[in-house]
Amino acid sequence: MVYEFWDMRSNNLVAAFESEQEAIAAVRAMISEQGERTLEYLMLIEDDSENDSSRIVAMGLDLADLVRSAA
């Protein structure tokens, strides 16, 4: 599985990670450096190419809740 950050305004891929933990660490770093508002237009997607499926993990400011629940 791959975890991808997408910009919801431009519909562009921002970054991809091999684990959810790596993606959460990236969100934590973004919050630390730029504040929670930087998450407003981001969406984290879990992409399972083996099963040809994907799901939204969290989007927007809900990403900050994901970081808090992973702590």
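Bear in mind that the values in this text are calculations on the coordinates, not laboratory data. Worth saying up front: this structure is predicted, and the values here are computed from it rather than measured. Cβ coordinates were reconstructed from backbone atoms using ideal geometry, including for glycine residues, and neighbour counts include every protein chain displayed.
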*Could you tell me whether any residue of segment 24-43 is within 12 Å of Val2 (Cβ to Cβ), surrounded by 14 or more Cβ atoms within 10 Å (Cβ to Cβ) and under 11 Å from the mean Cα position of the chain (by Cα)?*
no
*Tell me which residues, restricted to segment 14-23, are assigned to a helix (DSSP H, G or I) and surrounded by fewer than 12 Cβ atoms within 10 Å (Cβ to Cβ).*
Gln21
*Does Glu20 satisfy being out of contact with any Ser or Thr (no Cβ under 8 Å at 6 or more places or on another chain) and either free of Cβ contacts under 8 Å to residues at least 24 places away in the same chain or of a type in the set (Phe, Trp, Tyr) (or both)?*
no
*Mind listing whichever residues of segment 32-71 are in a helix (DSSP H, G or I) and touching a Leu at 6+ places or on another chain (Cβ under 7 Å)?*
Glu36, Leu39, Leu63, Ala64
_So the check is Cβ under 8 Å with 6+ separation or different chains; which pairs have a first residue in segment 53-69 that's free of Cβ contacts under 8 Å to residues at least 60 places away in the same chain and a second one that's surrounded by fewer than 17 Cβ atoms within 10 Å (Cβ to Cβ) and among the aromatic types (Phe, Trp, Tyr)?_
Gly60/Tyr41
*Return a yes/no flag: does segment 2-12 have any residue that is in a helix (DSSP H, G or I) and free of Cβ contacts under 8 Å to residues at least 60 places away in the same chain.*
no
_Residue count, segment 1-21 (criterion: under 18 Å from Asn51 (Cα atoms) and either β-branched (Val, Ile, Thr) or in contact with a Lys or Arg (Cβ under 9 Å, 6 or more places away or on another chain) (or both))_ = 1
*Of (1) touching a strand residue (DSSP E or B) at 6+ places or on another chain (Cβ under 8 Å); (2) surrounded by 11 or more Cβ atoms within 10 Å (Cβ to Cβ); (3) hydroxyl-bearing (Ser, Thr, Tyr), Ser49 satisfies all except one. Which?*
(2)
